[in-house]
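First up is the structure itself, then whatever we jot down about it.
The values are calculated or read from the model by the stated rules, or taken from the named source; none is laboratory data. The structure displayed is predicted, hence computed values, not measured ones. In this analysis, Cβ positions are derived from the backbone assuming ideal geometry, glycine residues included, and neighbour counts consider all displayed protein chains.
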Amino acid sequence: MTDPLRDPRFFADPYPAYDRLRDAAPVQKVPTGSGGHYSYLVTGYAEAREAFTHPRLSKNTARFFESRPSNRDLHPAVSRNMLTTDPPQHTRLRALVTKAFTPGAVARLRPYIAGLADELLDAWPDHGPVDLVASLAVPLPVTVICEMLGVPEADRAHVRTWSSELFAAGEPQRSDAASHSIAGYLSDLVAAKRRSPGESLLDDLIAVRDAEDRLTEDELVSLGVLLLVAGHETTTNFIGNAALALLQHPESPARLRAEPRLLANSLDELLRFDSPVGIATFRYSTEALTLGGTEIPAGVPVLIAPGAANRDPARFPTPSQLDLDRTATGHLAFGHGIHRCVGAPLAKAEAELALGALISRFPEIRLAVPAEELEWRHTRLMRGLAALPLVL
């Protein structure tokens with residue numbers, strides 16, 4: 001059997017592959033890469049939800065790879081961050097950043113985000129064509145998280161490039177090089193902020209490290225890298241995927257213009273319909289377990305696919321249809337359990353304000369090329385467009 005996640009067609013449209021896999025078994029052994037390596041892939045909704053919180057599935061990848069030689073050269077700040085820890089370490093690290101992403105904190109950011117969205121759209125030409133990814137979906141969340149972390153404006157293009165290259169599927173050397181670039185940059189930024197402190201979230205974390213000693217220096221850098229990358233990657237894909245979904249259902253933008261309050265309630269359905277995270281980050285079995293009727297031995301990778309789970313007809317009837325009236329709460333686009341995306345409130349606010357401004361300002365917007373000609377990013381973890389050319 002070939003690796004179903006390496007088929008070139010998978011990047012453009014993973015859902016037929018997800019459906020075939022789920023129909024065969026909601027949890028199954030699949031080859032991953034070369035050399036006889038394999039993982040267990042979870043595509044069913046109930047099974048994915050259980051896997052996200054299963055006590056025998058660990059995120060401590062450092063422990064997994066201790067006895068397994070690897071030719072990878074990922075920087076430790078990328079390979080060993082909050083996402084690759086279990087409690088109590090994960091609990092301690094998450095508590096240090098959660099307050100920056102609470103609904104209240106995000107509500108205070110909304111005027112800034114709305115103004116930024118308007119500023120970006122003001123720069124669009126009167127008629128187009130324009131690439132929504134490059135001119136809205138990327139710069140909006142990148143600017144917001146860089147402002148929160150105190151990243152100078154002159155450095156933000158580099159941050160975006162390194163972040164994108166981290167997720168390059170099938171190009172490990174490129175990903176590894178990017179990990180060293182972004183980790184080195186964060187180390188330099190921490191040093192610069194120690195010399196000249198400011199009021200950013202990164203400054204707050206430095207203060208915790210230096211005064212309260214609740215962070216090691218390595219943890220400080222890795223947390224900064226994680227916030228910088230995760231703080232915009234998911235949202236960039238969310239905005240692009242949602243815009244495309246709405247444009248492919250022309251009645252939807254018209255309805256949202258007529259009923260602006262519906263947009264906030266539609267965000268969960270847009271996330272479910274085309275999840276910005278296709279496959280969640282690495283887990284492995286610490287002991288043998290049974291999941292979805294499948295026996296999983298100890299010590300093997302387990303991959304959970306929110307993109308597949310969110311299209312499971314056992315949980316969401318007619319899952320391939322976009323239904324703005326659907327109650328899609330419970331989707332797994334942001335994960336589930338203790339590792340659920342801490343930045344989910346910010347991502348939803350950014351997408352709501354960006355899409356709302358787009359729909360209201362450009363009522364005749366349409367795709368500049370046929371949908372089948374759109375280019376998708378070649379990454380299995382993320383699900384997102386490389387570009388979305390539009391005519392205004």
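Is it true that Asn237 is in a helix (DSSP H, G or I) and in contact with a strand residue (DSSP E or B) (Cβ under 7 Å, 6 or more places away or on another chain)? Spell out the reasoning first.
Numbers: in a helix (DSSP H, G or I): yes; in contact with a strand residue (DSSP E or B) (Cβ under 7 Å, 6 or more places away or on another chain): yes.
Yes, satisfied.
Of the residues in the stretch 78-111, how many are loosely packed, with under 14 Cβ neighbours inside 10 Å, part of a helix (DSSP H, G or I), among the hydroxyl-bearing types (Ser, Thr, Tyr) and under 20 Å from the mean Cα position of the chain (by Cα)?
Selection size over the stretch 78-111: 1.
Could you go through the stretch 216-226 and let me know if any residue there is closer than 28 Å to Leu120 by Cβ and β-branched (Val, Ile, Thr).
Yes, the stretch 216-226 has at least one match.
For the stretch 29-42, name all the residues that are modelled with pLDDT of 90 or more and either buried (at least 19 other Cβ atoms within 10 Å of the Cβ) or small (Gly, Ala, Ser) (or both).
Selection gives Ser39, Tyr40, Leu41, Val42.
Inside the stretch 50-66, can you point out the residues that are of a type in the set (D, E, K, R), in contact (Cβ under 8 Å) with a residue 24 or more places away in the chain and under 17 Å from Leu83 (Cα atoms)?
Matches in the stretch 50-66: Arg56, Lys59.
Considering only residues that are under 22 Å from the mean Cα position of the chain (by Cα), surrounded by fewer than 19 Cβ atoms within 10 Å (Cβ to Cβ) and in a loop (DSSP other than H, G, I, E, B), which ones fall in the stretch 57-71?
Asn60
Note down all Cβ pairs under 7 Å where the first residue falls in the stretch 126-148 and is closer than 19 Å to Thr234 by Cβ, the second is of a type in the set (Asp, Glu), and they're at least six residues apart or on different chains.
That search, which allows pairs on different chains as well, returns Leu140/Glu350; Pro141/Glu350; Val144/Glu350.
Go through the stretch 298-321 and count every residue that is in a loop (DSSP other than H, G, I, E, B) and touching a Ser or Thr at 6+ places or on another chain (Cβ under 7 Å).
Summing the residues that are in a loop (DSSP other than H, G, I, E, B) and touching a Ser or Thr at 6+ places or on another chain (Cβ under 7 Å) in the stretch 298-321 gives 6.
Can you find a residue that is part of a loop (DSSP other than H, G, I, E, B) and either under 14 Å from the mean Cα position of the chain (by Cα) or among the charged types (D, E, K, R) (or both) anywhere in the stretch 352-367?
yes
Are there any pairs, at least 6 apart or on different chains, whose C-beta atoms fall under 7 Å, with the first in the stretch 220-249 and in contact (Cβ under 8 Å) with a residue 24 or more places away in the chain and the second of a type in the set (Lys, Arg) and surrounded by fewer than 24 Cβ atoms within 10 Å (Cβ to Cβ), and if so, which?
Listed by first residue and then by second, the contacts come to Leu220/Arg209; Ser222/Arg80; Leu247/Arg366.
Going by what's in this entry, would Ala137 be described as touching a Ser or Thr at 6+ places or on another chain (Cβ under 6 Å) and not β-branched (Val, Ile, Thr)? If you could, list the steps in order and put the result at the bottom.
Details: touching a Ser or Thr at 6+ places or on another chain (Cβ under 6 Å): yes; not β-branched (Val, Ile, Thr): yes.
So Ala137 fits the description; yes.
Scan the stretch 43-52 and give yes if some residue there is aliphatic (A, V, I, L, M), surrounded by 19 or more Cβ atoms within 10 Å (Cβ to Cβ) and out of contact with any strand residue (DSSP E or B) (no Cβ under 9 Å at 6 or more places or on another chain), otherwise no. Steps first, answer last, please.
Applying the first criterion (aliphatic (A, V, I, L, M)) to the stretch 43-52 yields 46, 48, 51.
Right, trim to surrounded by 19 or more Cβ atoms within 10 Å (Cβ to Cβ) and you get 48, 51.
Still in the running and out of contact with any strand residue (DSSP E or B) (no Cβ under 9 Å at 6 or more places or on another chain): none.
Scanning the stretch 43-52 turns up no residue that is aliphatic (A, V, I, L, M), surrounded by 19 or more Cβ atoms within 10 Å (Cβ to Cβ) and out of contact with any strand residue (DSSP E or B) (no Cβ under 9 Å at 6 or more places or on another chain).
What are the pairs, 6+ residues apart or on separate chains, where a residue within the stretch 264-276 that is in contact (Cβ under 8 Å) with a residue 12 or more places away in the chain has its Cβ under 7 Å from a residue that is of a type in the set (Gly, Ala, Ser) and assigned to a loop (DSSP other than H, G, I, E, B)?
Once the first residue is in contact (Cβ under 8 Å) with a residue 12 or more places away in the chain and sits in the stretch 264-276, its partners that are of a type in the set (Gly, Ala, Ser) and assigned to a loop (DSSP other than H, G, I, E, B) give Asp268/Ala328; Glu269/Ala328; Leu271/Ala333; Arg272/Ala328; Arg272/Ala333; Ser275/Ala333; Pro276/Ala333; Pro276/Gly384.
Quick check: is even one residue across the stretch 158-169 of a type in the set (Phe, Trp, Tyr) and assigned to a loop (DSSP other than H, G, I, E, B)?
Within the stretch 158-169, one or more residues are of a type in the set (Phe, Trp, Tyr) and assigned to a loop (DSSP other than H, G, I, E, B).
Out of the residues in the stretch 358-382 meeting the condition of being closer than 14 Å to Arg9 by Cβ and in contact with a Gly (Cβ under 9 Å, 6 or more places away or on another chain), tell me which one is surrounded by the fewest Cβ atoms within 10 Å (Cβ to Cβ).
Only one residue tops the list, namely His378.
List the residue pairs whose Cβ atoms are under 7 Å apart, where the first residue sits in the stretch 172-190 and is over 15 Å from Ser79 (Cβ atoms), the second is among the small types (Gly, Ala, Ser) and in a helix (DSSP H, G or I), and the two are 6 or more positions apart or on different chains.
Once the first residue is over 15 Å from Ser79 (Cβ atoms) and sits in the stretch 172-190, its partners that are among the small types (Gly, Ala, Ser) and in a helix (DSSP H, G or I) give Val190/Gly224.
Do the conditions hold for His75, that is, is it in contact (Cβ under 8 Å) with a residue 12 or more places away in the chain, surrounded by 19 or more Cβ atoms within 10 Å (Cβ to Cβ) and more than 26 Å from His331 (Cα to Cα)?
Yes; evaluated as a whole, the condition is true for this residue.
Can you pull out every residue in the stretch 184-227 that is farther than 25 Å from His339 by Cα and part of a loop (DSSP other than H, G, I, E, B)?
Those that are farther than 25 Å from His339 by Cα and part of a loop (DSSP other than H, G, I, E, B): Ser196, Pro197, Gly198, Glu199.
Given (1) at pLDDT 95 or above; (2) charged (D, E, K, R); (3) under 27 Å from Ser179 (Cβ atoms), where does Arg80 come up short, assuming only one miss?
(1)
Considering each of Leu332, Leu390 in turn, give the residue that is part of a strand (DSSP E or B), touching a Phe, Trp or Tyr at 6+ places or on another chain (Cβ under 9 Å) and of a type outside the set (D, E, K, R). Full working, then the answer.
Numbers: Leu332 fails: part of a strand (DSSP E or B).
Within the list Leu332, Leu390, the selection yields Leu390.
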